[in-house]
Amino acid sequence: MLQFKIANCAAERQGAFRLLYANYLRQGLGEPNPYEMRVTPFHLLDATTTFVAKLQHEVVATLTLVADGELGLPLEAMYGPEVQRRRSRVVPIAEVSCLADRRKSPSRFLGTFMTLSKLMAQYARRQGVDELLAAVHPRHAWFYRRYLGFEKFAGLAQCPHVQGKPAVGLRLSLPQFARHNRAVYDMYFAEHLPESMFARQGMSVEERCFYMEVCRDIAPVAASELADPSVVKMPC
């Protein structure tokens, strides 16, 4: 039976980063690296939370929620003005990113992702997030709109995070969409998940320092933003 949870230990986070690497490499969305992990500077922030589905001790699916913080949001590389307009409305925003699933069966993927999304959405609301943003490939946008209640807020752009592949910007207003799509709203919120599922344990000093070095090795331009120690609040 699958276990859905926040990644709260080094093994779970590493499992998520390795799965993400394998998925992105297989789909031509990333470059090989000797660590065989996909880690970004955003993963090192306290405002970022990684969610996983585990089968026994193996991570088989993952997604990440990046709350608006010191580095902003990843999709601002494409949609800076559009994100700033949403931020200027004084609505707390966060980005859903880094989706990966080990299984290739569409039915298994759908069920797993829906449950992970429910955990993520309820966690986001508990953190005061009102609006979720996502940059997705145009051919996947229908899935987010039909099954997850997202709507378009920004047009076609090249995504620098995935080898310049196309993306569109999507948004989901968590407090408002109940009256527009009650079925999807109930999918997220009708069942209140147990309090224990929202427990969160951050990285240790050693783990965060290790991933800072990984970021500097595999994405030196992006990792240059970590030069300011106040960003990650670590003495590395």
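The values are calculated or read from the model by the stated rules, or taken from the named source; none is laboratory data. Since we're looking at a predicted model, the values are computed, not measured. With ideal geometry, Cβ positions are generated from the backbone for all residues, glycine too; neighbour counts draw on all protein chains shown. Heads up: the accessible areas ignore ligands, DNA and RNA and are worked out on the full protein's heavy atoms, side chains in. Shrake-Rupley method; radii C 1.70, N 1.55, O 1.52, S 1.80 Å.
Structure values in brief
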quantity: Leading residue by the ranking (farthest from ALA67 (Cα to Cα)) among those in segment 10-53 that are touching a residue at least 40 places away in the same chain (Cβ under 8 Å) and assigned to a strand (DSSP E or B); calculated: ALA53
quantity: LEU174 being buried (at least 20 other Cβ atoms within 10 Å of the Cβ), more than 23 Å from ALA16 (Cα to Cα) and either among the aliphatic types (A, V, I, L, M) or over 18 Å from the mean Cα position of the chain (by Cα) (or both); calculated: yes
quantity: Meets criteria (farther than 26 Å from VAL83 by Cα, among the polar types (S, T, N, Q), open to solvent by 50 Å² or more (accessible area, probe 1.4 Å) and at pLDDT 90 or above) for GLN158; calculated: no
quantity: Residues located in segment 164-189, provided they are of a type in the set (Phe, Trp, Tyr) and modelled with pLDDT of 90 or more; calculated: TYR188, PHE189
quantity: Hey, TYR123 open to solvent by 10 Å² or more (accessible area, probe 1.4 Å) and closer than 13 Å to LEU170 by Cβ or not; calculated: no
quantity: VAL96 being more than 12 Å from the chain's Cα centre (by Cα), touching a residue at least 12 places away in the same chain (Cβ under 8 Å) and outside any helix (DSSP H, G or I); calculated: no
quantity: Qualifying positions in segment 126-155 - loosely packed, with under 14 Cβ neighbours inside 10 Å and basic (Lys, Arg); calculated: ARG126, ARG139, ARG146, LYS152
quantity: Near pairs, Cβ below 6 angstrom, 6+ apart or cross-chain, from segment 172-201 (closer than 16 Å to GLY128 by Cα) to any residue that is among the β-branched types (Val, Ile, Thr) and at pLDDT 90 or above; calculated: ARG200/ILE6
quantity: Unique residue being in a loop (DSSP other than H, G, I, E, B), touching a Leu at 6+ places or on another chain (Cβ under 9 Å) and hydrophobic (A, V, I, L, M, F, W, C) when the list is VAL90, VAL129, VAL83; calculated: VAL129
quantity: Among (1) out of contact with any strand residue (DSSP E or B) (no Cβ under 8 Å at 6 or more places or on another chain); (2) at positive phi; (3) not acidic (Asp, Glu), the one test that HIS57 misses; calculated: (2)
quantity: Checking PHE210 against (1) modelled with pLDDT of 90 or more; (2) open to solvent by 60 Å² or more (accessible area, probe 1.4 Å); (3) more than 24 Å from TYR24 (Cα to Cα), the condition it does not meet; calculated: (3)
quantity: MET234 under 29 Å from LEU119 (Cα atoms), in a loop (DSSP other than H, G, I, E, B), modelled with pLDDT under 55 and open to solvent by less than 50 Å² (accessible area, probe 1.4 Å); calculated: yes
quantity: Top-ranked residue in segment 57-70 [being over 21 Å from TYR21 (Cβ atoms) and part of a loop (DSSP other than H, G, I, E, B); ranked as most open to solvent (accessible area, probe 1.4 Å)]; calculated: GLU70
quantity: Test: residue in segment 104-114 that is of a type in the set (Phe, Trp, Tyr) and within 14 Å of the chain's Cα centre (by Cα); calculated: yes
